[in-house]
Amino acid sequence: MWSPVVFSTFQERCLPRSKYVTALDIGTTKICCVVGEPTERGLNIIGVGEAPSEGLRRGVVVNMEKTVRGITHAVDAAQRMCGHKLESAYVGMAGTHVLSQNSHGVIAVARSDREIGHEDVTRVIDAARAVSVPNDREIIHVVPRGYVVDGQEGVRDAVGMSGARLEVETHIITGSLTAVQNVVKCVHQAGMSVEDLVVQVLASAEAVLNDNELDLGVALVDVGGGTTDVALFADGSVVHTAVLPVGATHVTNDVAIGLRTTLGEAEMLKVNYGHAIPANIPREEMVELHQIGQDRVQVVPRRHLAEIIAPRAREILEMVRLEMRRGGHDGFLPGGIVFTGGGCRLLGFTEAAQSLLDLPVRIGAPGQTIGMSDQVSGPAYATAVGLLRWGTKLRHHANGHSPVGVGASALYARTVRWIKDFF
Ligand SMILES: Nc1ncnc2c1ncn2[C@@H]1O[C@H](COP(=O)(O)OP(=O)(O)OP(=O)(O)O)[C@@H](O)[C@H]1O
Ligand SMILES: [Mg+2]
């Protein structure tokens, strides 16, 4: 497994450092705070707090007050469980404003003996960063995909090699400045500082993908409440990312409208009786529900519920297929598709995905944690556990190498850091 360097562009000043790592996943349906302690035996989960998320739409904060309240509740609950005061967290960033592009950088190697050093790598990444990003957008990550040394392609770690010309291919992820600032403001108002902002799909990938899949080429699809996040990986590195404006809450909305029931009842029906393939449901199976404006309990065929759900599930999958084509996937993906996020738990979803996308499919859930691991073992916790893993690696790396500053933005000292052994 090669070790690309991931540059995150966000870091706050004077960060409190504790031996615990805290993750804050601000999702569209739930806000989740998880505290972990990296140990030799693995990541020890010592605190989990969760609160409903009511201030986001499609991953973007639309109501600060409700979002701050949700973060505060989740953090308080996690704090109570682990018995430590939490001060800072790795925060997941999502929303349809998150966009990605690939960029190329080239420099002349500085040293007279032509040996490529860490500074050259930093400079070439900076050169790749110098893409035109509109003023209202912020670069969140710069992920090097591979280096070219004097025309020799496929170099995974250029440090220590000899050469005169160093090039890099990078994947750049940007977000709307306003959306990024609003998330950070909410975290601050809840009394926490941000150790790093991480795009949610990269965090989820960290939690559920294995080295083999990353090397073979794999797609990660996080079906959340408000958005479906897609990331394509090849040769161990991310090559395409996208956030689609549709998720599992849309399924619930369809059920509520189709069966004239409340959103709460629709959610219960979807989770307990929903299915993505109507033909798999025997015709005689019935479900009971309360319809709006009706006093008596109604009975409808369960297959009818599945018929309402199936088109939306198919729409999500077709959008995923389109996005994979847009990302350059031409039908050959040996690692297949790994689904995660709460939405992929819908019965029949993976079967529907397999037949529509014609690729091997599995559900990815965060594994290999200890302590209160059962509380974060479902696919809905992939982002939170991934953020913990991200933070653990970042700190581990920071112990060996000091970050390289690249100037300050209006709000924060921005730092380019490099994380070895990511993925
Ligand atoms: N067993 C289940 N069957 C069907 N759907 C489920 C099941 N469990 C959870 N879900 C759905 O998963 C969704 C929540 O997923 P998740 O917790 O990953 O979203 P989120 O992280 O809050 O949102 P986002 O990532 O879009 O911001 C909800 O819409 C919920 O209905
Ligand atoms: Mg999510």
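Read the figures in this text as sums done on the coordinates, not as results from a lab. What you see is a predicted model, and the numbers here were worked out from it, not measured in a lab. All Cβ positions, even for glycine, are placed from backbone atoms using ideal geometry, and neighbour counts span all protein chains on display.
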**Q.** Relative contact order (percent, whole number), the chain, Cα cutoff 8 Å, 6+ residue spacing
**A.** 21
Q: Can you pull a Stokes-Einstein diffusion coefficient for segment 90-188 at 4 °C (1.567 mPa s), Rh from Kirkwood over Cα pairs, as a whole number of µm²/s?
A: 88
Q. Just 196, 25, 358 to compare: in a GNM of the chain, with alpha carbon springs under 10 Å, which one fluctuates most?
A. 358
Q.
Normalised radius of gyration for the chain, please: alpha carbon Rg relative to 2.2 N^0.38 Å, two decimal places.
A. 1.02
Q.
With n ≥ 4 as the cut-off for DSSP H runs, can you work out [θ] at 222 nm for the chain, using -39500 (n - 2.57) per run divided by the number of residues, rounded to the nearest 500?
A. -10000 deg cm²/dmol
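If we count every other residue with Cβ under 11 angstrom of residue 160's Cβ, Lys/Arg +1 and Asp/Glu -1, where does the sum land?
-3
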Q) Which whole-number percent gives the relative contact order of segment 248-305, counting Cα pairs below 8 Å spaced six or more residues apart? A) 32
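Among the DSSP beta bridges whose two residues both lie in the chain, what percent are antiparallel, rounded to the nearest 5?
80
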(Q) At most 11 other C-beta atoms within 10 Å and a DSSP loop state: those are the exposed GluC sites (Glu not before Pro) I care about. Give me the longest piece of the chain that has none. (A) 41-283
Q) Just 35, 271, 230 to compare: in a GNM of the chain, with alpha carbon springs under 10 Å, which one fluctuates most? A) 271
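Which of the three applies to segment 248-305, rounded, prolate or oblate, going by the alpha-carbon gyration tensor with a ≥ b ≥ c and a/c under 1.5 meaning rounded?
Oblate, since a/c reaches 1.5 and b/c is not below a/b.
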Q) By the gyration tensor of its Cα atoms, with a ≥ b ≥ c the square roots of the eigenvalues, what is the shape of segment 247-347: rounded for a/c under 1.5, prolate for a/b over b/c, or oblate? A) prolate
Q. Within the set 19/85; 30/85; 19/393; 30/393, which residue pairs have Cα atoms separated by over 18 Å?
A. 30/85; 30/393
Q) Among 93, 161, 81, which one moves the most in a GNM of the chain with springs linking Cα atoms closer than 10 Å? A) 161
